[in-house]
Structures are given as structure tokens and as C-alpha cells.
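So the structure is just underneath, and the comments pick up after that.
The values are calculated or read from the model by the stated rules, or taken from the named source; none is laboratory data. This structure is a prediction, so every number in the text was calculated from the model and none was measured. Don't worry about glycine lacking a Cβ; one is built from the backbone with ideal geometry, like all the others, and counts go over all protein chains shown.
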Amino acid sequence: MISELEQNLSGYGDLESALTKLVRDQKVKRELYDDLLNRYEMARITGSLSLFEQSKRVKIIDQPYTPTSPSNFPALIFVLAGLVGGVFLGIGLAILLELSDNSVRYRSQLETITNLPVFGRIPAY
């Protein structure tokens with residue numbers, strides 16, 4: 001008899017959770033049905049839902065207010081940040097271009113690269 005009661009008791013938890021879920025679903029669906037029935041009755045009486053649901057169309061989450069201080073930084077900070085960023089970007093690009101330039105500009109560079117003496121050169125002008 002004890003083993004039979006233990007078997008019945010072990011299945012009780014699953015049944016209880018299923019029943020709880022069904023009761024919750026029934027409650028939600030009942031509330032939905034009642035709301036729809038109420039809307040239907042109001043629509044039938046007033047002829048349109050706009051008068052009845054006027055307050056439900058727009059919902060105010062937070063009341064509007066006038067700010068007491070600006071929410072962004074002053075314009076001077078943006079100007080200074082632009083100048084500093086421009087200077088660093090210009091310097092960085094100049095260094096990058098200088099490092100990637102592989103042209104020969106001096107006589108000594110040409111002699112070092114070719115291991116040959118230079119006999120003549122063409123003037124720049």
C-alpha cells in the first residue's frame with residue numbers, strides 16, 4: 001500500500017504543474033474575452049470605438065519637463081577636439097607617406113643601393 005501511495009504521489013507534481021498552467025491560461029483568456037466583449041458593447045452603443053478608446057491610443061510614459069542644463073558639451077570642446085584630431089591625423093598621414101615612399105633622392109642613397117659610383121646627375125631645374 002505504501003509503494004502504491006508513493007507512485008500516486010510521484011505523479012502528483014506533474015499533474016499539479018499542468019493544472020496550474022491551464023488555470024493561468026484560462027484566466028488570461030477570460031480577461032481577453034471580457035475586454036473584447038466590453039469593447040464590442042461600447043462600440044455597439046456609441047457607434048464607434050474612437051470615443052471609448054481615446055485615452056488608450058496615446059500613452060504617456062514620462063511627463064515632459066524643461067531641462068535645467070544643456071545635455072551636450074559646449075561648442076568649444078568640439079572645435080578643440082576637431083583641431084587636435086586634425087593635427088594628429090595630418091602628422092600620422094605625413095609619417096605614413098614618408099615611410100612608404102621608396103624614391104631615391106640623394107646621390108649617397110643611389111650609391112648604397114647599387115654599389116656603383118655615380119658619374120653624373122640631372123639637375124632638378
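The residues of the range 95-118 that are at pLDDT 85 or above and among the hydrophobic types (A, V, I, L, M, F, W, C), listed by number, are I95, L96, L97, L99, L110, I113, L116, V118.
Of the residues in the range 77-122, how many are more than 51 Å from the chain's Cα centre (by Cα) and surrounded by 10 or more Cβ atoms within 10 Å (Cβ to Cβ)? The total comes to 8.
Would you check which residues across the range 40-70 are part of a loop (DSSP other than H, G, I, E, B) and either hydroxyl-bearing (S, T, Y) or at pLDDT 80 or above (or both) and list them?
Residues of the range 40-70 part of a loop (DSSP other than H, G, I, E, B): 47-48, 53, 58-70.
Listed by number, the residues that qualify are S48, D62, Q63, P64, Y65, T66, P67, T68, S69, P70.
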